[in-house]
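Read the structure below first, then the notes.
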Amino acid sequence: MKRLVAVTACAVLLTACATNTTSSSKTSESAPGTGGTKIGFIFVGPKDDYGYNQAAYEGSQAVAKAYPDLEVLTAENVPEDDNAARVMEGMVRKGAKIIFATSYGHRDPALKVAAANPDVVVLQQGNIVDGPMPPNFGTYFGTVYEPVYLAGIVAGKATRSNKLGYVYAFPISQTLDNINAFQLGAASVNPAAKTYVVNTSNWCDPAKQAEAAKSLLSQGVDVISQHQDCTATVIRATEAAGAYTVGYHADASPLAPKGWLTGSEWDWGPLYTKMIQTVVAGQFTGSPYNANFRVGLKTGDNPFVQSPYGPTVDGATKKLVDDAKARISKDGSPFLGPVVDQAGTVRVPAGTVPDYKTIESIDYFVGGVVGKIPAS
Amino acid sequence: MTGAAVGAAEVRPQTVDNRQRSWPRWAAAVLAAPLIFGAFAAVKGVDPVAMYADMLASLADPAQAQTVLVRAAILLLAGLAVAVPARAGLLNVGGEGQIVIGAVAAAGVGLVTDQRLPGGLALVLMVVAAMAAGAAWAGIAAGLRLTANVNEAISTLLLNFVAIDIMLGLIYDPWKDAAGFGQPSSRPLEETARLPLFVTGGTLNAGILLALLALAGVWFATRRTAWGFRLRVVGGNPEAARRAGMRVGPLLLSAMLVGGALAGLAGLVHFAGTEFKLRPGMTTSFGYVGFLASWLALHRPLRVGLAALLLAAIAMGGDSLQIDSGLPAASLNVLMAVVLLVVLGTRRHPGRKS
Amino acid sequence: MIFVDVLAGGVRGGTAILYAALGETLAERAGVINLGTEGSMLTGALAAYAVTAGTGDPWAGVLAGACAGALLAAVHAFTVLSRGANQLATGLVVLFLGAGLTSMFGAAYVGRAISPFQPYPIPGLSRIPWAGPILFDHDPLVYASYLLAPALWWLLFRSRWGLVVRSAGERPAVLATYGHSPLLVRYLAVVGGGLLAGIGGAHLSTAYANAWFENMTAGRGFIAVALVIFAAWHPLRAVGGAYLFGAALALSPALQARGYGFNQFALDALPYLVTIAALIVLGRRQTGAAPEDLSRVFQLTPTR
């Protein structure tokens, strides 16, 4: 359950470009984040969940490799309340000058720690600061639904039954964005494709996932993707049934040597390293990272990237994906209007790109998704 | 050893007072547990001495100490919620669910009243609602025990899962915070209706006073009132109690209701003292740890207080297990379980007349 | 046919619960309740997964799972039988221990690939309409459970050995006068119960879900314990109960895959509510069938 909010850590972007006027970047020995011997990372869930938290953990290990003289401190299962502030304070006491708070719900305690320790830079993953940004604070995230849209294109071309399946846990906005992007991507190349959704009410209950996959497969679904913390069960069940797999969180192609199409996976290392570079150089305040920093296809550096293709994906499909990439890089979003919900109501008018707050607060399925948002 | 005596004896009811002279063994047991856990840590390649030193050092920080007290208040209430029914021989494993339902009721009343009524009044209403809801949730299990003979350990356990589904159903739809970026949580409680803090900017809230008040009340009620006496008689031997003309059913029901109300109060303290909004995973196993606290304390109210403090400190020290010793977070469960097993297993064997 | 799908899912998903419930039936028949069944399932699931990953042989995994489940149950047996601790409380603590140890030592196996049990449709039988897909298109552990339930019934109610076990639960003193040790019998029953729960966990990790993740049993062990009670400590009735819960779990995905939407939280609570309802309906009748010495645990939980 604790992981629930973690995985909801969504791209919330109000301003695409960082507008920061606090101070011009100047290097000084007292710049926040400099002179530390350690870097702290806190995770809301277990660091071996093969999902969101493991991805962040692996990012922290990439940092450890890039900065061998800095010790990386990690703490898993850190709840999103005052406990988080306490754990971060503990890391500061141990000599950490840079802290990564990697869950959406860690923002408020992270702000508190930043206010109490002006010499420490606190970076928060996935949330947003609505007012003025403190000089030693920043949020960052990627646009997770973009690679999911691209994977939807591959799924739409691969399906023969025109039935795609999606296993998910809870109807949080990030999940709804992913499912909608998947369906929109599929429908963009195959208007007959529909996405059947099954929820498990749990971020990781492998037995329930096995049943969810079986149910979808028995209804003729031949491509399955998912938004779960642990992904192996659904992938193995799909592969065993001879259907196609679209991955999430990590490259799991070894689990589905025949049916793997593509997927989306995290790669935090490069972004973490770049941010730390800026901080240790004493140039954090006033930098783009001292803001609500967001990246996607349009800006580059998205920490959520497309997984390698499987053996069955042909050149024509790859070309379609490349075209879509170019389109999104220009338009800025896979949710370029018109976007129509299940009832046929136009939610995003033609030609409009919704802002990130709208995308983040989404509470509907687009047309072509078969299923109901459970709480409605 | 004679198997018959042993086999029959472990289910023979014992009166609570048999445990009075047990405290030296109790203390020895509590001290033995760190040795066993130290062995586990050593297996994982961690120096136990340095580990415990780091744990203790991490508790010396004032902010850390405040948090220990905040947690201890909730664990104390959750522990008393187990201890009171246990005096009457009932096993309340539903603390977790009763805490969740208490928090849900507090949130429900809070959402309606916190912007319309003076904060203090809203808070009082929330306290009443949380306790009533916790009692009602425990009352289901007590009612099932008395009418359909459903064992309360099983029913309270199963109701925990249902309680969490109720909360999730509410925060994913009707109570979802419209300004919460689509997150599944309720709107934060207005500051005026929150439990007051002792130190501005600190974390220690008035919940600790509520918990100590409840402790005093439970101590008095179980030790000094006719009700407390009857509970003990029922818990010791319901058949004898029945023959003595006591109404066993209502007594059992009352014990369970009081337990549920205490757990509901724990839910309120957590909600209005620390969380301020309902969110998935907000209770972080308080109910189960409270259960352990009560058994650690042999259901004696004052000792439940000590056990709650100890378990809260272990939980806080658990951060240090991770940061300083690099052990996984689950090590904490192992540490607590070892403490409890040693305590449970060190109790004087009633069937062995040595 | 949704009906066939849900029942087939009920058998698949109910099998782990069935193993645990049969094990718990054995233990409770001897007079000991073990709420740590959930913990035995967890340790069984991890041990089976780890050994399958190491050896490539799921049968070796099942053996390891059975041993791990038995080992944890032995902790329960020792604390309860030799140290005289409360059965219900000890069971919960044992569960805590199992959950903690498996997440501590299981991390390395999250995401490790194994070669799991494969479904083996029984030639001929699996082609029978309805009954075929429901009963005869599963993995070997499911078929083994078809044999285990009647075997346990025979052992408990038709063999001399079963008489000894049941006497340990009903009249330990009488048993002792015939020269048997009730203590030893209870030890064996509790450990044997944990062994079966361990196999149940092994079914989850190496045959059904084909993955290990901390806390993957998600309350199925508790359901198994509840099931034993409303099955009136009878192995064959436990079969029906286990499949009923399997079906309750399979209902939600079967409906959704067909495009029917219901409140997911109501569906999620369904198996627990069904269990409680079954206890209410059957409770009054069934507790009369409880092993006499065990019923003292139920009637009155000693506070020591």
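Side notes on the structure shown:
- Positions within the range A:334-372 being in a loop (DSSP other than H, G, I, E, B), of a type outside the set (Gly, Ala, Ser), in contact with a Gly (Cβ under 8 Å, 6 or more places away or on another chain) and closer than 17 Å to A:Val198 by Cα, in sequence order: A:Gln342, A:Asp363, A:Phe365, A:Lys372
- Given (1) part of a loop (DSSP other than H, G, I, E, B); (2) within 9 Å of another protein chain (Cβ to nearest Cβ), index of the condition B:Asp177 fails: (2)
- Residue count, the range A:250-270 (criterion: in a helix (DSSP H, G or I) and in contact with a helix residue (DSSP H, G or I) (Cβ under 6 Å, 6 or more places away or on another chain)): 2
- Candidates A:Ala66, A:Ala75, A:Ala110 - the one that is within 8 Å of chain B (Cβ to nearest Cβ) and either in contact with a strand residue (DSSP E or B) (Cβ under 7 Å, 6 or more places away or on another chain) or farther than 22 Å from B:Phe271 by Cβ (or both): A:Ala75
- When residues in the range A:33-52 are screened for being crowded, with 24+ Cβ neighbours inside 10 Å and either aliphatic (A, V, I, L, M) or away from every other protein chain (no Cβ under 12 Å) (or both), 5 of them pass.
- Selected residue [without any contact (Cβ under 8 Å) to a residue 60 or more places away in the chain and among the acidic types (Asp, Glu)] from A:Asp82, A:Asp49: A:Asp82
- Scanning the range B:65-97 for residues that are out of contact with any Lys or Arg (no Cβ under 6 Å at 6 or more places or on another chain) and among the polar types (S, T, N, Q) gives B:Gln66, B:Asn92.
- Qualifying residue in the range B:236-257 (condition: closer than 15 Å to B:Pro85 by Cβ, touching a Pro at 6+ places or on another chain (Cβ under 6 Å) and modelled with pLDDT of 90 or more): yes
- Of all residues in the range C:192-221, those being over 9 Å from the mean Cα position of the chain (by Cα), of a type in the set (A, V, I, L, M, F, W, C) and crowded, with 22+ Cβ neighbours inside 10 Å number 9.
- Residue check, B:Val104 in contact with a Ser or Thr (Cβ under 6 Å, 6 or more places away or on another chain) and either at pLDDT below 85 or not charged (D, E, K, R) (or both): no
- Checking A:Asp229 against (1) within 23 Å of the chain's Cα centre (by Cα); (2) more than 30 Å from A:Phe41 (Cα to Cα), the condition it does not meet: (2)
- Any hit, the range A:132-149, residues being among the aliphatic types (A, V, I, L, M), in contact (Cβ under 8 Å) with a residue 12 or more places away in the chain and more than 30 Å from C:Ala257 (Cβ to Cβ): yes
- Set C:Ala73, C:Ala50: member being closer than 15 Å to C:Ile199 by Cα, out of contact with any Ser or Thr (no Cβ under 6 Å at 6 or more places or on another chain) and aliphatic (A, V, I, L, M): C:Ala50
- Extreme residue, farthest from the other protein chains (Cβ to nearest Cβ), among residues of the range C:163-181 that are of a type outside the set (A, V, I, L, M) and touching a residue at least 60 places away in the same chain (Cβ under 8 Å): C:Arg166
- Candidate set: the range B:248-283, residues that are part of a loop (DSSP other than H, G, I, E, B) and touching a Lys or Arg at 6+ places or on another chain (Cβ under 7 Å); chosen: the one nearest to B:Gly207 (Cα to Cα): B:Phe276
- Number of the exception - A:Gly300 against (1) farther than 29 Å from A:Ile373 by Cβ; (2) part of a loop (DSSP other than H, G, I, E, B); (3) in contact (Cβ under 8 Å) with a residue 24 or more places away in the chain: (3)
- Annotation note: Cβ proximity below 8 Å between a residue of the range B:147-169 that is within 7 Å of chain C (Cβ to nearest Cβ) and a residue that is part of a helix (DSSP H, G or I) and hydroxyl-bearing (Ser, Thr, Tyr) (sequence gap 6+ or interchain) occurs for B:Asn149/C:Thr287; B:Leu158/C:Tyr272; B:Leu158/C:Thr275; B:Phe161/C:Tyr272; B:Val162/C:Tyr272.
- Just one of the listed residues (C:Gly56, C:Gly39, C:Gly9) is farther than 15 Å from C:Thr206 by Cα and either surrounded by fewer than 24 Cβ atoms within 10 Å (Cβ to Cβ) or within 13 Å of chain B (Cβ to nearest Cβ) (or both), namely C:Gly39.
- Residues of the range C:96-107 satisfying the condition of being more than 14 Å from B:Val338 (Cα to Cα), surrounded by 20 or more Cβ atoms within 10 Å (Cβ to Cβ) and more than 7 Å from chain B (Cβ to nearest Cβ): C:Thr102, C:Gly106
- Among residues of the range C:231-258 being surrounded by fewer than 24 Cβ atoms within 10 Å (Cβ to Cβ) and within 10 Å of another protein chain (Cβ to nearest Cβ), the one that is nearest to C:Leu204 (Cα to Cα) is C:Leu251.
- Residues located in the range A:53-72, provided they are surrounded by fewer than 19 Cβ atoms within 10 Å (Cβ to Cβ) and in a helix (DSSP H, G or I): A:Glu58, A:Gln61, A:Ala62, A:Ala64, A:Lys65, A:Ala66
- Taken together, A:Ser329, A:Ser361, A:Ser307, A:Ser333 contain a single residue that is surrounded by 16 or more Cβ atoms within 10 Å (Cβ to Cβ) and more than 29 Å from A:Asp222 (Cβ to Cβ), which is A:Ser361.
- Any pair with Cβ under 7 angstrom, 6 or more apart, that starts in the range B:209-223 at a residue that is at pLDDT 95 or above and ends at one that is β-branched (Val, Ile, Thr) and not in a helix (DSSP H, G or I): none
- Conditions (1) within 14 Å of chain B (Cβ to nearest Cβ); (2) in a helix (DSSP H, G or I): number failed by C:Gly65: (1)
- Among the candidates A:Ser30, A:Ser23, the residue that is more than 13 Å from chain B (Cβ to nearest Cβ) and at pLDDT 70 or above is uniquely A:Ser30.
- Condition met for C:Val110 (within 14 Å of chain B (Cβ to nearest Cβ), β-branched (Val, Ile, Thr), surrounded by 15 or more Cβ atoms within 10 Å (Cβ to Cβ) and within 24 Å of C:Gly221 (Cα to Cα)): yes
- Subset of the range C:113-133 that is of a type outside the set (Gly, Ala, Ser), in contact with an Asp or Glu (Cβ under 9 Å, 6 or more places away or on another chain) and in contact (Cβ under 8 Å) with a residue 40 or more places away in the chain - its residue that is nearest to the other protein chains (Cβ to nearest Cβ): C:Pro116
- Being in contact (Cβ under 8 Å) with a residue 40 or more places away in the chain and assigned to a helix (DSSP H, G or I) is a property that C:Ala189 has.
The values are calculated or read from the model by the stated rules, or taken from the named source; none is laboratory data. The shown structure was predicted, so the numbers you read here are calculated from the model rather than taken from an experiment. All Cβ positions, glycine included, derive from the backbone under ideal geometry; neighbour counts span all protein chains shown.
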